[in-house]
1. Out of the residues in region 184-197 that are at pLDDT 95 or above and of a type in the set (Gly, Ala, Ser), which is surrounded by the fewest Cβ atoms within 10 Å (Cβ to Cβ)?
2. Answer yes if at least one residue in region 297-307 is free of Cβ contacts under 8 Å to residues at least 60 places away in the same chain, open to solvent by 30 Å² or more (accessible area, probe 1.4 Å), in a loop (DSSP other than H, G, I, E, B) and in contact with a Lys or Arg (Cβ under 9 Å, 6 or more places away or on another chain), and no otherwise.
3. I need a count of the residues in region 152-176 that are open to solvent by 20 Å² or more (accessible area, probe 1.4 Å) and more than 16 Å from Tyr325 (Cα to Cα).
4. Using beta carbons and a limit of 6 Å, which pairs, at least six apart or on different chains, have the first residue in region 170-182 and at negative phi and the second one in a strand (DSSP E or B) and not aliphatic (A, V, I, L, M)?
5. State yes or no: is Ala72 at pLDDT below 95, surrounded by fewer than 24 Cβ atoms within 10 Å (Cβ to Cβ) and of a type in the set (A, V, I, L, M, F, W, C)?
6. Give the residue that is surrounded by the fewest Cβ atoms within 10 Å (Cβ to Cβ), with candidates limited to residues of region 19-34 that are without any contact (Cβ under 8 Å) to a residue 60 or more places away in the chain and part of a loop (DSSP other than H, G, I, E, B).
7. Exactly one condition in (1) under 18 Å from Ile105 (Cβ atoms); (2) within 14 Å of the chain's Cα centre (by Cα); (3) not in a helix (DSSP H, G or I) is not met by Trp266; state its number.
8. Taking the stated definitions as given, is Ala315 assigned to a loop (DSSP other than H, G, I, E, B), modelled with pLDDT of 95 or more and in contact with a Lys or Arg (Cβ under 9 Å, 6 or more places away or on another chain)?
Amino acid sequence: MKRIAFTIALAATAVAHAEPAIVYDAGGKFDKSFNEAAYNGIERFKKETGTAYLDFEISNDTQREQALRRMAQKGADPIIAVGFGHASALEKVAKEFPKAHFAIIDSEVKQPNVQSVLFKDQEGSFLAGWLAATTSKSGKVGFVGGMDVPLIRRFQCGYEQGAKVANPKVEVVSNMTGTTPSAWSDPTRGGELAKAQFSRGVDVVFAAAGGTGIGVYQAAKDQGKLAIGVDSNQNHLQPGTMLSSMLKRVDNAVYGLVTSAKNGSWKPGLVVLGLKEQGVGLAMDQNNAKLVSDDTKKKLAVVEADIVSGKQSVANYTPEAGCKY
């Protein structure tokens with residue numbers, strides 16, 4: 001009996017001191033965008049609680065399943081997969097470790113031990129489009145997406161709709177960087193696409209492309225144009241050039257996931273974060289204060305309120321229906 005009790009005590013101690021784990025998507029945790037937002041969230045948890053964590057940066061798709069399985073074998077809890085690219089790997093690994101808690105950002109995995117977090121990217125992108133068209137002097141705004149997938153098409157669709165609500169005559173020029181994960185970390189290509197758009201008269205460009213956006217912002221600075229960042233607040237990267245950043249609060253999502261696991265309130269299922277839940281929005285700070293007038297901010301607040309109340313509907317791109325607004 002004593003041996004059994006000792007074993008149970010050891011198991012309880014292991015669970016109580018389990019470290020959370022995070023597996024980043026392509027582009028690395030210091031991409032200054034999507035992955036870095038996740039990193040900031042788990043770092044905040046570490047600083048507040050003193051709890052260490054495990055992490056891994058994939059360099060190719062085959063490592064997704066290996067990394068998730070390794071974290072589960074080490075007893076990490078919860079294990080957070082950052083990015084839709086982890087979905088199929090997580091589906092498999094979650095079944096292998098039914099007692100472990102998993103989470104995924106930007107996709108839904110329907111398993112009893114997985115919490116899925118999605119964002120209404122289209123709502124934040126709508127605001128970005130509205131601000132771009134309101135600010136543009138040429139009547140032409142641009143969009144540079146990363147990997148050509150439904151998620152980024154959702155950004156594009158919301159951006160186009162927001163721009164046309166602000167100015168029905170606006171022209172939206174759009175390009176995707178590529179069709180493989182390398183599209184998230186190709187700043188050279190991002191710069192080339194931005195320059196091509198500027199040559200067509202675009203004077204504000206929104207990049208939803210992870211690390212590739214760094215090249216877009218540099219091109220905008222070099223040519224005296226404006227750019228809008230994504231996911232993290234990127235206004236500080238090129239002050240005076242960054243009109244704003246479309247915030248996707250992956251940091252808050254990750255922080256909430258690890259905190260709920262620690263205090264015992266973690267639950268499986270789907271969580272969707274939009275403007276109402278403060279999951280998306282536009283960054284306003286000292287770096288773009290001179291670019292966005294108080295009058296524009298007041299009008300933007302009205303647009304936000306209309307979206308939250310349902311007065312302004314926002315199109316949600318799907319592969320089946322496309323972009324309809």
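The values are calculated or read from the model by the stated rules, or taken from the named source; none is laboratory data. Computed from a predicted structure; not experimentally measured. We place every Cβ from the backbone using ideal geometry, glycine too, and count neighbours over all the protein chains shown. Just so you know, the surface numbers come from the protein's heavy atoms only, side chains and all, with ligands and any DNA or RNA stripped out. Shrake-Rupley method; radii C 1.70, N 1.55, O 1.52, S 1.80 Å.
1. Keep residues of region 184-197 that are at pLDDT 95 or above, which gives 186-197.
Next, only the ones that are of a type in the set (Gly, Ala, Ser) stay: 190-191, 194, 196.
Numbers: Gly190: 28, Gly191: 21, Ala194: 28, Ala196: 15.
Looking at the filtered set, the residue picked out is Ala196.
2. Step one: filter region 297-307 for residues free of Cβ contacts under 8 Å to residues at least 60 places away in the same chain, giving 297-298, 301-302, 305-306.
So of that shortlist, the ones also open to solvent by 30 Å² or more (accessible area, probe 1.4 Å) come out as 297-298, 301-302, 305-306.
Now drop any that are not in a loop (DSSP other than H, G, I, E, B), which leaves none.
Checked against the condition, which is being free of Cβ contacts under 8 Å to residues at least 60 places away in the same chain, open to solvent by 30 Å² or more (accessible area, probe 1.4 Å), in a loop (DSSP other than H, G, I, E, B) and in contact with a Lys or Arg (Cβ under 9 Å, 6 or more places away or on another chain), region 297-307 yields no hits at all.
3. Counting residues in region 152-176 that are open to solvent by 20 Å² or more (accessible area, probe 1.4 Å) and more than 16 Å from Tyr325 (Cα to Cα) gives 3.
4. Glu171/Lys140; Val173/Gly142; Ser174/Phe143; Met176/Gly145; Thr177/Gly146
5. Details: at pLDDT below 95: no; surrounded by fewer than 24 Cβ atoms within 10 Å (Cβ to Cβ): yes; of a type in the set (A, V, I, L, M, F, W, C): yes.
No.
6. If we take residues in region 19-34 being without any contact (Cβ under 8 Å) to a residue 60 or more places away in the chain and part of a loop (DSSP other than H, G, I, E, B), then Phe30 is surrounded by the fewest Cβ atoms within 10 Å (Cβ to Cβ).
7. (2)
8. Numbers: assigned to a loop (DSSP other than H, G, I, E, B): yes; modelled with pLDDT of 95 or more: yes; in contact with a Lys or Arg (Cβ under 9 Å, 6 or more places away or on another chain): yes.
Yes; evaluated as a whole, the condition is true for this residue.
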